[in-house]
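Accompanying notes for the structure given below.
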Amino acid sequence: MPDLDRVVREIADEMRARPDRGTVASYIPELARADAAAFGLAVVDVEGRAAVAGDGDVPFSIQSISKVFTLTLALGMAGDRLWRRVGREPSGSPFNSIVQLEREAGVPRNPFINAGAIAVTDLILSGHQPREALGEILRFMQALALDQTIAIDEAVAASEKRTGFRNAALANYMRSFGVIENPVDYTLGVYFHHCAIAMTCRQLATAGLFLAHDGRHPLTGHSVISAERARRINAVMLTCGHYDGSGEFAYRVGLPGKSGVGGGILAIAPGKASVAVWSPGLDAAGNSHLGRIALESLTKRMGWSIFAA
Ligand SMILES: NC(=O)CC[C@H](N)C(=O)O
């Protein structure tokens, strides 16, 4: 078995030396301030051993990675009723696309494209005030990451609120079909804020551990979700977690993964470890360019692809 600490350090060094970095997202103006040269990597295994390198302890905007955790919360609250409001098929379209909604009665393809995540957020919000729903999501992240200091970057949330015209279009469109039940402003407010949670790679990898361990957090012993649901969340991450780049990610990395436009990726090696990587430059599908390359190298060196014997 290769030495995990060494592998993680070597990958961080290799990535930091590379000239190709992708393009930092700027459609949310505040995200454009990210340092394109940053690179962080953290692996936490199911025994709790952590290997962290580069900027693995620097907080960044988790953006769409939050959708894994809102899906988990919503499944815990609503159970399989959730699947009446959102599908679980890859979209083959960009993360912010609206095209399928008209043909498919306002039901988004999956919980990881923006429309689907907004529908999931709406479900969490129902019966609560936005402040309560957001508090619930934040406390969930803090509990999973074993770190009460995790917070929302208000500047990022405000920046997306000012410029989130597409998300507003998606939400209004779904509201017209009754897929969204709450006032659109409330649902979007909660959505923008949970996307604006700032976390480090170490915190994120710790938070993802339950997905590598049959739904039970190995460090607290708490059952977060049933083993069956954990397996299914991993399945949806594999097929939909990188939007129209999901096929390529499965082909190259071979792990369930979820990306965010802040440049982070959470990847799960079931039974083994939870991995978080961060490099702000994105590829054409909006996924971290070096993040994917680093994960490809990690799974190859550790033999962690779910498709390997
Ligand atoms: N892919 C992403 O990370 C997108 C999340 C971002 N908050 C948006 O709605 O556009």
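List of remarks:
- Sorting the segments 267-276, 41-50 by their residues' average number of neighbouring beta-carbon atoms within 10 angstrom, most packed first, yields 267-276, 41-50.
- Extension gain, V58 back to E154 (0.36 nm per residue minus Cα-Cα distance, nm): 32.8 nm
- Of all lysines in the structure, those lying under 19 Å Cα to Cα from K272, and not within fewer than 8 positions of it along the same chain, are K258, K300.
- Net charge, A168 excluded, C-beta distance under 13 Å - Lys, Arg +1, Asp, Glu -1: +2
- Between A169 and D147, the contour length at 0.36 nm per residue exceeds the alpha carbon distance by 4.4 nm.
- Summing Lys and Arg as +1 and Asp and Glu as -1 over all other residues whose Cβ lies under 10 Å from the Cβ of V156 gives a net charge of -2.
- Shown in residue order for region 5-16 are the 3J(HN,Hα) couplings computed by the Karplus curve 6.51 cos²θ - 1.76 cosθ + 1.60 at θ = phi - 60°: 4, 5, 4, 4, 5, 5, 4, 4, 5, 4, 5, 5 Hz (x for Gly and Pro).
- Accessible area of the chain divided out per residue, in Å², using a probe of 1.4 angstrom: 40 Å²
- Quarter of Cα convex hull surface for region 1-158, i.e. mean projection, nm²: 12.1 nm²
- About its Cα centre, the dipole of the chain is roughly 460 debye, where the only charges are +1 on Lys and Arg Cβ and -1 on Asp and Glu Cβ.
- C-alpha center-to-center spacing [region 268-309, region 70-132] in angstrom: 25 Å
- Test item: Cα-centred dipole of region 65-197, Lys/Arg +1 and Asp/Glu -1 on Cβ, debye: 260 debye
- Helix 227-240 axis, angle to the chain major axis (alpha carbon atoms, nearest 10°): 90 degrees
- Angle between the chain longest axis and helix 165-176 axis [Cα atoms, degrees, rounded to 10]: 50 degrees
- Taking the C-alpha atoms only, the angle from helix 114-125 to the longest principal axis of the chain is near 70 degrees.
- The convex hull built on the alpha-carbon positions of region 65-197 has an orientation-averaged projected area of 7.5 nm².
- Dipole moment magnitude, nearest 20 debye, region 157-240 about Cα centre, only Lys, Arg, Asp, Glu C-beta charged: 140 debye
- If R0 is taken as 30 Å, the Cβ-Cβ distance between A227 and D3 corresponds to a FRET efficiency of 0.50.
- With the helix formula -39500 (n - 2.57) applied to DSSP H stretches of n ≥ 4, the chain reaches a computed 222 nm mean residue ellipticity of -13500 deg cm²/dmol.
- Calculated diffusion of the chain, Stokes-Einstein form, Kirkwood radius summed over Cα pairs, 25 °C and 0.890 mPa s, µm²/s: 130 µm²/s
- Kirkwood hydrodynamic radius of region 1-87, from inverse mean 1/r over distinct Cα pairs, in Å: 16.1 Å
The values are calculated or read from the model by the stated rules, or taken from the named source; none is laboratory data. Quantities reported herein were computed from a predicted structural model and do not represent experimental measurements. No Cβ is skipped: glycine too gets one built from the backbone with ideal geometry, and neighbour counts run over all protein chains shown. Heavy atoms of the whole protein, side chains included, go into the accessibility calculation; ligands, DNA and RNA do not. Shrake-Rupley method; radii C 1.70, N 1.55, O 1.52, S 1.80 Å.
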